[in-house]
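Comments concern the structure below.
The values are calculated or read from the model by the stated rules, or taken from the named source; none is laboratory data. Please read all numbers here as calculations on a predicted model, not as lab measurements. A quick note on method: Cβ atoms are made from the backbone with ideal geometry, for glycine too, and the neighbour counts reach across all protein chains shown. Areas reflect the complete protein model, heavy atoms only, side chains present, ligands, DNA and RNA absent. Shrake-Rupley method; radii C 1.70, N 1.55, O 1.52, S 1.80 Å.
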Amino acid sequence: SIWEYDSQGNLTGEYFTPIQSYQGLGTKYFNPVAVGELSSNDVNENRVMNSFTLNYNIFPWMRFMEVVSFQYVNQKNSRFLPYNAIGADWLNEKINESWERNITNTEIITRTQLFFTPRLNESHSLSAMIMGETDQLGNEYSTLYGKNGPSTSIQDPASNPVIRNLNSRQEETHILGTLASLNYNYRDRYMTQMNIRADASSRFGRNNRWGIFPSIAVGWRFSEESWLQGLTFLTDAKLRFSYGQAGKQPDGAYDRHAIFNTVDPNQYINEPIVVPTQVQLANLKWQTLTQSNLGIDLTLFGNRIDITGEIYTKITEDLLWENYEIPKSSGVIFKGLTVLKWYNGGRLENKGWELFFRVTTLNRKDTKMNINFNISHNVNTFIEFPENFNPEVETSIGNGQYPRRAQAGQPIGSFYGFRYLGVWPSDEDVVALNENGDVLVDVSGNPVPLRYLGTYKFQGGDANYQDINCDGKIDLLDVVYLGDSNPEFIGGFGTNFSWKDIRISCQFHYRLGFQIVNEIALDTEGMLDRNNQSKAVLSRWRTQGQNEPGMLPRAFLDHPANNLGSDRYVENGDFLRLVNLTLSYNVPKEFCEKLHIRSLDIGITMRRVVTFTRYSGQDPEISQEIEDPFWFGTDQARTPPPKAYTLSMALGF
């Protein structure tokens, strides 16, 4: 219940926040309405951004530009959780809990550029640029955490509550970069661009502080060739190829440093105890992305049709793995963990293609219309894993758990689990089968009971999983490939239409050919715990011999195997979403003159107002994590993107 009732069934006016409920402790199973209404979580931010630019033409063919940017951000976060928002006794640390963090971020960026545009003859054009830039980032914060405050009216953690935690941090990062670029064009037919960039970051040690990243791009506008002039439908056509590299650095300013700290207990006899808590990473280096693209651009029938196609391959090497596990034999163990803050290793391949069309269907004086369509296909695969890599980080097969595996050569997003066959109608139906589909018997000729992990014997009303190796046990050996969370195709389509002063545009987005693990259903249809369940559980097994289409397993508190990670919760995530619909009207000039204004434009925009999908969860548009080999798509009741309606008016005087 949201509200509390007295023994007579009357509302007391207070929120229902018991210390102990049927579900468990009130600090864990709290009243979300009470927390949302009574607690506070405020953020106040002040931001100052300035940019100064100097342009100076040294010669007609040489220009100098200097840019200096400064950004200052001050942020104060404050939270307060009053005693009447949760169920807890007066000594619990959650009672009148207060928290405050003050953050200051500064960033100073300088960019010095020298442009060269020498004047050549009509057939040749040349331009070049040299750039140097610096980036200095500073961050500091202090946090004060209080508990058991004296009153709900006094919410500042500095107002003499019990101090639970006090910490602060300050860091600074310096980045230096240089870039040289050269562009050449011959008769607007043959084009090339060459770049080389060098970056240095204080996040790396002396050994690998600098990263060198070259790139080159060439283009051929073959529509300008004389032997194609007879093709009147070919308005413009260009073939292009590019190859280049880019780098990525770790996040933390001091993650490469060795850190030593005291521990608890902090003394051995009378000597202080100091242990390494972070290993020095002197050989940490840049993560490097090497990319090649081959593309074509076509314009046909006097700009009525535009076509763009592209094939690409990306190879990421020396991937930066955060908190990478290493063997315990290394001797680096802190708080039971054996990890390096960052580690370089492995190769990731990302390849695919993209295709875009735009067609002008109407182009008259008062009426114009064009339609567009794009589609892409992409595959992410680990070619090579780093040393000491464990391809199975989770081998547990309990309720709600999917084994997490990674295989070189397999797409990222592949996931594994059991094959769900439905519900056993009765105890007599529960039998183990051999490869031929006959009842499996032991050496004495007796039927072998089907068991989970060789211990629990399945009964009527239990979930039925496929025994892949036909050994009479449901265990890790029966785990199979279930699906792929990478869409086979991603794209969109839309149209722009105008008639006199009315304009309409809409754009759709789609993803096709991928699977999602619906963890909302997994949590609300298992009937294993005391949490709320969905209405789907009304169609559950109740009596021996019951066998109905779509029937769920029986309700059984703490059942060991009724909710295993299986294709029971795997759904196709295909969807089509209207991401933007805009209707605008440009008020005629004659009417504007009567209002003594120059122009008036009125419009309404609707975003993400409708989604077409057969997926039963909240939102099929899951985010992808291409650098995590164990990632697969799950829906964990993340708040869907909001529908947005915007009414706009542009008034000109």
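A few remarks follow.
- Test: residue 159 is in a strand (DSSP E or B) and under 19 Å from residue 41 (Cα atoms): no
- Residue within segment 271-285 that is in a strand (DSSP E or B), at pLDDT 90 or above and either within 23 Å of residue 237 (Cβ to Cβ) or open to solvent by less than 30 Å² (accessible area, probe 1.4 Å) (or both) present: no
- Applying the criterion of being basic (Lys, Arg) and open to solvent by less than 50 Å² (accessible area, probe 1.4 Å) to the residues of segment 199-222, the residue that is farthest from the chain's Cα centre (by Cα) is 221.
- Residues considered: 66, 45. Of these, the only one that is of a type in the set (Asp, Glu) and open to solvent by 70 Å² or more (accessible area, probe 1.4 Å) is 45.
- For the criterion of being under 35 Å from the mean Cα position of the chain (by Cα) and of a type outside the set (Ser, Thr, Tyr), residue 587 fails.
- Positions within segment 548-601 being among the acidic types (Asp, Glu) and over 30 Å from residue 22 (Cα atoms), in sequence order: 548, 567, 571, 574, 590, 593, 601
- Selection from segment 223-238 of residues that are part of a strand (DSSP E or B) and loosely packed, with under 15 Cβ neighbours inside 10 Å: 236
- Residue list for segment 465-489, restricted to those being out of contact with any Asp or Glu (no Cβ under 9 Å at 6 or more places or on another chain), over 30 Å from residue 449 (Cα atoms) and crowded, with 19+ Cβ neighbours inside 10 Å: 484, 485, 486
- From 243, 145, residue being assigned to a strand (DSSP E or B), crowded, with 16+ Cβ neighbours inside 10 Å and among the aromatic types (Phe, Trp, Tyr): 145
- Qualifying residue in segment 84-93 (condition: free of Cβ contacts under 8 Å to residues at least 60 places away in the same chain, open to solvent by 60 Å² or more (accessible area, probe 1.4 Å), farther than 30 Å from residue 528 by Cα and of a type outside the set (D, E, K, R)): yes
- Single match in 186, 190 (criterion: aromatic (Phe, Trp, Tyr), more than 31 Å from the chain's Cα centre (by Cα) and either open to solvent by 70 Å² or more (accessible area, probe 1.4 Å) or over 30 Å from residue 313 (Cβ atoms) (or both)): 190
- Residues of segment 101-123 that are modelled with pLDDT of 95 or more, touching a Lys or Arg at 6+ places or on another chain (Cβ under 7 Å) and not aromatic (Phe, Trp, Tyr): 102 alone.
- Residues that are aliphatic (A, V, I, L, M), within 30 Å of residue 208 (Cα to Cα), in contact (Cβ under 8 Å) with a residue 40 or more places away in the chain and surrounded by fewer than 15 Cβ atoms within 10 Å (Cβ to Cβ) are absent from segment 394-408.
- Residues of segment 542-570 that turn out to be surrounded by 13 or more Cβ atoms within 10 Å (Cβ to Cβ), in contact with a Ser or Thr (Cβ under 7 Å, 6 or more places away or on another chain) and in a loop (DSSP other than H, G, I, E, B), as a count: 2
- Within segment 606-645, the residues that satisfy the criterion of being open to solvent by less than 70 Å² (accessible area, probe 1.4 Å) and in a strand (DSSP E or B) are 606, 610, 611, 613, 634, 635, 644.
- Restricting the search to strands (runs of 3 or more DSSP E) fully inside segment 382-475 and requiring at least 1 residues that are farther than 21 Å from residue 546 by Cβ gives 392-394, 414-417.
- If you filter segment 363-381 down to residues that are among the hydrophobic types (A, V, I, L, M, F, W, C) and either in a loop (DSSP other than H, G, I, E, B) or open to solvent by less than 50 Å² (accessible area, probe 1.4 Å) (or both), you find that the one that is nearest to residue 526 (Cα to Cα) is 379.
- Of the set (1) more than 18 Å from residue 289 (Cα to Cα); (2) open to solvent by 40 Å² or more (accessible area, probe 1.4 Å), all apply to residue 196 but (1).
- Qualifying residue in segment 114-129 (condition: within 37 Å of the chain's Cα centre (by Cα) and either of a type in the set (Val, Ile, Thr) or not in a strand (DSSP E or B) (or both)): no
- Looking across segment 122-141, the residues that are open to solvent by 50 Å² or more (accessible area, probe 1.4 Å) and of a type outside the set (Asp, Glu) come down to 124, 125, 126, 130, 134, 136, 137, 141.
- Counting the residues of segment 17-32 that are touching a residue at least 60 places away in the same chain (Cβ under 8 Å) and open to solvent by less than 60 Å² (accessible area, probe 1.4 Å) gives 6.
- Restricting 14, 4, 100 to those that are farther than 30 Å from residue 176 by Cβ, in contact (Cβ under 8 Å) with a residue 60 or more places away in the chain and of a type in the set (Asp, Glu) reduces the list to 14.
- Scanning segment 196-222 for residues that are part of a helix (DSSP H, G or I) and either at pLDDT 95 or above or not polar (S, T, N, Q) (or both) yields 206, 222.
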